[in-house]
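The values are calculated or read from the model by the stated rules, or taken from the named source; none is laboratory data. Remember, it's a predicted structure, so these values are computed and weren't measured experimentally. Cβ atoms come from the backbone with ideal geometry, glycine included; neighbour counts cover every protein chain shown. When the accessible area is computed, the model is the full protein with side chains, heavy atoms only, and any ligands, DNA or RNA have been set aside. Shrake-Rupley method; radii C 1.70, N 1.55, O 1.52, S 1.80 Å.
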Amino acid sequence: MDTPPLSGSDSDSDDCLVTDRELQEAFSRGLLKPGLNVVLEGPKKAVNDVNGLKQCLAEFKRDLEWVERLDVTLGPVPEISGPQSTSQNQDPKAVDPEDDFKREMSFYRQAQAAVLAVLPRLHQLKVPTKRPTDYFAEMAKSDQQMQKIRQKLQAKQAAMEKSEKAKQLRALRKYGKKVQTEVLQKRQKEKSHMMSAIKKYQKGFSDKLDFLEGDQKPAARSTKEGAKGQQMRKGPNAKRRYKNQKFGYGGKKKGSKWNTRESYDDVSSFRAKTAHGRGLKRPGKKGSNKRPGKRTREKMKSRRH
């Protein structure tokens, strides 16, 4: 029984395997050198197919009038600066293609020359060159495409407005937090001021009660104070006077009753009658306020009844 021949793909794969094995063996032996397996491409040959180019030119070339074609071939407009520039303008090689400014200026002057040459011909042919005020230009794109573009623009504008609103909200939140912190700080400051005023009033350092009236204007408070506040300002307040009466006027307490040379020499308050308990006594005055006894009180009650 004959074996069927191998297909082309199988034979190619076998050849590839064989070549790979041979390459591996050669590599292991050190027979391969760098640069042997590089595929070198030869230089491209330029083909100048003149007949083919003429055929392509004849296909899209049409023998139409100039009004339909509007083609013109002219050089750039000569500059008025001097004769040297005109000689340069006539030579197209004088323009350096690497110089962007000169290259764009040459394009501009060539287009200007074409406009100056074509406009009189269009006026002779009675072709309008200015757009009327009520001119309706047909769109190059379809309505569906313009609708898609309009939707994209609207979506983009909506996204921009949304981001702008988000920025404004963030700014308002920051401003709100700032205002809130300022209000809290103001309240804390007013509270600390009120507490200090209360402490001063309690200790007697101040006799003003303005902190109880809140945020009233000082002009309104001044009318309520009147002349009483002026009188209180002359001396200590009522609390201070009460404490002075109860505890004294402060100062040194220890040794305050010691005699000094001045107090020892001062005998103006000495009374001989009352000194050492030897003055005149009134016996009736001491017992006048004495409470009667129990039996005496009972007798007095029985007499009443």
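Results, tabulated for the structure shown:
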{"item": "The lone exception for Gln110 - which of (1) of a type in the set (S, T, N, Q); (2) exposed (fewer than 10 other Cβ atoms within 10 Å of the Cβ); (3) at pLDDT 90 or above it fails", "result": "(2)"}
{"item": "Qualifying positions in segment 245-266 - assigned to a loop (DSSP other than H, G, I, E, B), at pLDDT 80 or above and open to solvent by 100 Å² or more (accessible area, probe 1.4 Å)", "result": "Trp258, Asn259"}
{"item": "Some residue of segment 123-136 being open to solvent by less than 60 Å² (accessible area, probe 1.4 Å), free of Cβ contacts under 8 Å to residues at least 40 places away in the same chain, out of contact with any Pro (no Cβ under 6 Å at 6 or more places or on another chain) and not β-branched (Val, Ile, Thr)", "result": "no"}
